[in-house]
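Read-outs throughout are calculated quantities, based only on the coordinates presented, and are distinct from any laboratory measurement. All values derive from a computational prediction rather than experimental measurement. Positions of Cβ are generated from backbone atoms using ideal geometry, with glycine treated the same way; all protein chains shown enter the neighbour counts.
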Amino acid sequence: MSQSEKKNDGFTAAERAAMKERAKELKAEARANKNREAGEKDLLAKIAEMPESERAMAERLHELITTNAPDLMPKTWYGMPAYALDGKVVCFFQSAEKFQSRYATFGFSDTAKLDEGDMWPTSFALMKLTPAEEERIVALVKKAVGED
């Protein structure tokens with residue numbers, strides 16, 4: 001087995017690509033944490049690369065999040081749109097196409113203030129956004145940052 005084969009054992013091509021993407025993001029993260037515009041520019045560029053149906057959802061999520069939780073800093077996280085508070089990701093959008101899933105996902109990290117009892121959801125499948133989903137997302141994002 002060659003050195004390059006050994007180096008790649010255990011990771012799929014998609015996982016390796018995500019790791020490379022994350023390494024680039026870490027370099028850009030210092031800029032984005034200090035400069036909202038840089039983070040938002042990177043995030044919007046990633047949204048622009050998405051297929052139309054996901055792009056529309058991601059754009060609407062961006063609008064909902066930045067309007068209702070303006071303290072969250074837009075950035076990318078593993079090549080996907082994310083929103084952070086004090087440098088830590090609170091919520092994120094994952095493309096169905098990028099991760100070869102049947103649905104997109106909107107999720108929350110462990111820094112989100114969503115704890116409720118001994119069990120609570122941390123991610124949601126998204127097929128489309130209707131006013132009902134938008135209302136629920138806004139409520140969750142506000143709770144996640146402690147504005148409920």
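Given a Förster distance of 25 angstrom, what is the FRET efficiency for Lys142 paired with Leu44, based on the Cβ-Cβ distance and rounded to 0.05?
The calculated FRET efficiency here is 0.65.
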For the chain, what is the calculated [θ] at 222 nm in deg cm²/dmol (nearest 500), taking -39500 (n - 2.57) for each run of four or more DSSP H residues and dividing by its residue count? -16000 deg cm²/dmol
Taking the Cα atoms only, what angle lies between the long axis of helix 13-34 and the longest principal axis of the chain, rounded to 10 degrees? 50 degrees
When a footprinting reagent is the concern and you count Cβ atoms within 10 Å, what order do Leu44, Leu26, Leu114 take, fewest first? Leu26, Leu44, Leu114
Computed lengthening from Tyr103 to Glu116, 0.36 nm per intervening residue step minus Cα-Cα distance: 2.1 nm
In degrees, nearest 10, range 0 to 90: what is the angle between the Cα axis of helix 36-48 and the longest Cα principal axis of the chain? 70 degrees
Sequence gap at least 6, Cα distance under 8 Å: using those rules, report the relative contact order of the chain to the nearest whole percent. 18 percent
How much length is gained on full extension from Arg16 to Asp71, taking 0.36 nm per residue of separation minus their Cα-Cα distance? 16.6 nm
Fewest Cβ neighbours within 10 Å first, please rank Asp42, Asp118, Asp86 accordingly. Asp118, Asp86, Asp42
Can you work out the FRET efficiency for the pair Arg55 and Asn35, with r the C-beta to C-beta distance and R0 = 22 Å, to the nearest 0.05? 0.35
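Which order do the peptides 63-72, 90-99 take when ranked by the mean count of other beta-carbon atoms within 10 Å per residue, highest first?
Averaged packing, sorted descending, gives the order 90-99, 63-72.
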Sorting Trp120, Trp77 on the 10 Å Cβ count, fewest up front, what's the list? Trp120, Trp77
Aspartates and glutamates near Lys20 by alpha-carbon distance under 16 Å, same-chain residues fewer than 8 away left out - which ones? Asp9, Glu29, Asp42
How far, in degrees from 0 to 90, does helix 52-68 lean away from the longest principal axis of the Cα atoms of the chain, to the nearest 10? 50 degrees
